[in-house]
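First up is the structure itself, then whatever we jot down about it.
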Amino acid sequence: MKRISFACEANNGLDSEMSMHFGRCPYYMMIDVEARDVVKTEAVENPFFNGHVPGAVPEFINKQNVNVMIAGGMGPKAIDMFNGFGIDVVTGVAGKVGNVLTAYLDGKVSGTAACKHEH
């Protein structure tokens, strides 16, 4: 089983829109997947949504037992932190969580592209 976290803008399950930035999203959609089957979907509020705390989100996501973090964008330091926890990172995605999940499971989205803004 794999636990995948999606940075998203709303608590609408698989219909939630992806967020452009992993740390400044209001929710993380946690999806447990076994093979290609969704076992569980859970929305978790971002406790750091209203204030940027460098390093806090990767630690928080790690405590949720996540294997993969998927977001629209992410800075290089955060990518390194996630990788240090053994969490794979996929960035550069947009659209609905369900569509991104399907594309990920189909091997159509992978890899990271760091944000260009400063933290």
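The values are calculated or read from the model by the stated rules, or taken from the named source; none is laboratory data. All figures in this text were calculated on a predicted structure; none of them were measured in a lab. FYI the Cβ positions are ideal-geometry reconstructions off the backbone, even for glycines, and counts take in every protein chain you see. For the accessible areas, the whole protein counts, side chains as well, though only heavy atoms, and no ligand, DNA or RNA atoms are used. Shrake-Rupley method; radii C 1.70, N 1.55, O 1.52, S 1.80 Å.
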- Message: Please determine whether any residue of the stretch 59-72 is at pLDDT below 95, of a type in the set (D, E, K, R) and over 12 Å from the mean Cα position of the chain (by Cα).
- Response: no
Those residues of the stretch 2-16 which are open to solvent by 10 Å² or more (accessible area, probe 1.4 Å) and not aliphatic (A, V, I, L, M) amount to LYS2, ARG3, GLU9, ASN11, ASN12, GLY13, ASP15
Turns out the strands (runs of 3 or more DSSP E) fully within the stretch 17-85 with at least 1 residues that are open to solvent by 60 Å² or more (accessible area, probe 1.4 Å) and either basic (Lys, Arg) or over 13 Å from PHE6 (Cα atoms) (or both) are 27-34, 37-45
Going through the stretch 86-97 in order, the residues found to be in contact with a Leu (Cβ under 8 Å, 6 or more places away or on another chain) and either open to solvent by 80 Å² or more (accessible area, probe 1.4 Å) or part of a helix (DSSP H, G or I) (or both) are VAL97
